[in-house]
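Worksheet: the structure to be examined is printed underneath.
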Amino acid sequence: MKPRGSSDRPIREIPMSRRLALSVVLAAFSGFAAAAPVSYRIDADHTDVIASWSHLGFSNPVAHFGQVDGTIIYDAANVGASSVEVTIPLAGLDSHVAALDRHLRSAELFDAGKYPVIAFKSRRVEALGKSRLRVTGDLTVKGVTRTAVLDVTLNKVGEHPMAKRQAIGFDAATSLKRSDFGIAYAVPAVSDEVRIRITTEAMVPKAEGDVPARAKTSIPPKTR
């Protein structure tokens with residue numbers, strides 16, 4: 001006696017070719033999900049912006065800029081859709097020489113009382129191959145905005161072994177003329193050219209409240 005609702009029709013198996021096709025489609029969709037843009041918050045404790053210059057030709061002092069905040073959006077499948085937006089408070093400036101720190105923040109140089117934040121916002125990200133990128137954007141210093149181009153090396157993307165969150169790390173370098181930003185004190189005895197090195201780690205925020213505010217300067221910049 002057959003159970004009510006049973007059928008004599010045999011259960012049809014999905015042909016192997018259709019199963020393979022379905023697997024390919026599912027894998028493709030999962031690949032799209034994995035390659036989606038990822039938003040990272042900069043880890044200030046593992047980020048340093050280092051400026052160096054020539055002092056009378058005798059030495060090359062450095063100043064560190066800490067307390068960096070901002071967001072990196074990285075799209076591995078479409079690097080051109082990536083972006084970075086960063087603020088650097090001059091309160092985090094540290095040359096390890098107290099008198100120099102005071103002078104750097106003074107009106108003769110950064111004028112930190114009036115312009116307390118340096119800001120960078122990318123306009124274009126280009127892939128150059130072998131983990132190398134070029135990032136072009138607007139750098140605002142002392143209320144003046146100029147184009148800056150960063151040569152970037154992608155160090156690593158993956159799960160952070162301690163934080164257990166997706167992380168990313170970069171090194172970058174550029175050079176600029178400080179006189180372009182209205183900081184011409186003691187040029188040329190103290191070099192106009194300033195070399196910039198950056199190393200940074202960033203992680204996916206652990207909670208919604210951990211997402212940083214949009215990077216901005218406290219004084220609307222003037223573009224010259």
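The values are calculated or read from the model by the stated rules, or taken from the named source; none is laboratory data. It should be emphasised that the depicted structure is a prediction, and the values quoted were computed from it without experimental measurement. Note that we place each Cβ from the backbone using ideal geometry, even for glycine, and neighbour counts take in every protein chain shown.
Do we find that Glu108 is farther than 25 Å from Asp45 by Cα and touching a Phe, Trp or Tyr at 6+ places or on another chain (Cβ under 7 Å) in this structure?
Numbers: farther than 25 Å from Asp45 by Cα: yes; touching a Phe, Trp or Tyr at 6+ places or on another chain (Cβ under 7 Å): yes.
Yes.
Can you tell me which residue among Thr200, Thr174 is at pLDDT 95 or above, touching a Leu at 6+ places or on another chain (Cβ under 7 Å) and under 30 Å from Ala107 (Cα atoms)? Steps first, answer last, please.
Details: Thr200 fails: touching a Leu at 6+ places or on another chain (Cβ under 7 Å).
Exactly one residue qualifies, and that residue is Thr174.
What residue, among those in the stretch 152-168 that are surrounded by fewer than 20 Cβ atoms within 10 Å (Cβ to Cβ) and within 12 Å of the chain's Cα centre (by Cα), is nearest to Ser52 (Cα to Cα)? So that I can check it myself, show each step before the final result.
Step one: of the stretch 152-168, the residues surrounded by fewer than 20 Cβ atoms within 10 Å (Cβ to Cβ) are 153-166.
Retained after the next criterion (residues that are within 12 Å of the chain's Cα centre (by Cα)): 153-154.
Working: Thr153: 20, Leu154: 22 Å.
So the residue we want is Thr153.
When the stretch 41-100 is filtered for residues that are among the basic types (Lys, Arg) and surrounded by fewer than 17 Cβ atoms within 10 Å (Cβ to Cβ), nothing remains.
Residue count for the stretch 132-171, restricted to those that are at positive phi and at pLDDT below 95: 1. The residues of the stretch 118-154 that are β-branched (Val, Ile, Thr) and over 19 Å from Ala202 (Cβ atoms), listed by number, are Thr136, Thr140, Val141, Val144, Thr145, Thr147, Val149.
Taking the criterion of being among the acidic types (Asp, Glu), within 17 Å of Arg178 (Cβ to Cβ) and touching a strand residue (DSSP E or B) at 6+ places or on another chain (Cβ under 9 Å), would at least one residue in the stretch 86-103 satisfy it? Explain how you work it out, then say what you get.
Start the filter on the stretch 86-103 by keeping residues that are among the acidic types (Asp, Glu), which leaves 94, 101.
When the remaining residues are screened for being within 17 Å of Arg178 (Cβ to Cβ), the result is 101.
Adding the requirement that they be touching a strand residue (DSSP E or B) at 6+ places or on another chain (Cβ under 9 Å) leaves 101.
Scanning the stretch 86-103, I find at least one residue that is among the acidic types (Asp, Glu), within 17 Å of Arg178 (Cβ to Cβ) and touching a strand residue (DSSP E or B) at 6+ places or on another chain (Cβ under 9 Å), so the answer is yes.
Can you tell which of Ile50, Ile14 is on the phi < 0 side of the Ramachandran plot and modelled with pLDDT under 65? Give the derivation first.
Numbers: Ile50 fails: modelled with pLDDT under 65.
After applying the criteria, what remains is Ile14.
Considering (1) out of contact with any strand residue (DSSP E or B) (no Cβ under 6 Å at 6 or more places or on another chain); (2) loosely packed, with under 15 Cβ neighbours inside 10 Å, the lone condition that Glu126 does not fulfil carries the number (1). Taking residues in the stretch 179-192 that are within 16 Å of Tyr115 (Cβ to Cβ) and among the aliphatic types (A, V, I, L, M), and partners anywhere that are modelled with pLDDT of 95 or more and in a loop (DSSP other than H, G, I, E, B), the pairs with Cβ atoms closer than 8 Å and at least 6 places apart or on different chains are Ile183/Leu109; Ile183/Phe110; Ile183/Lys142; Ala184/Asp192.
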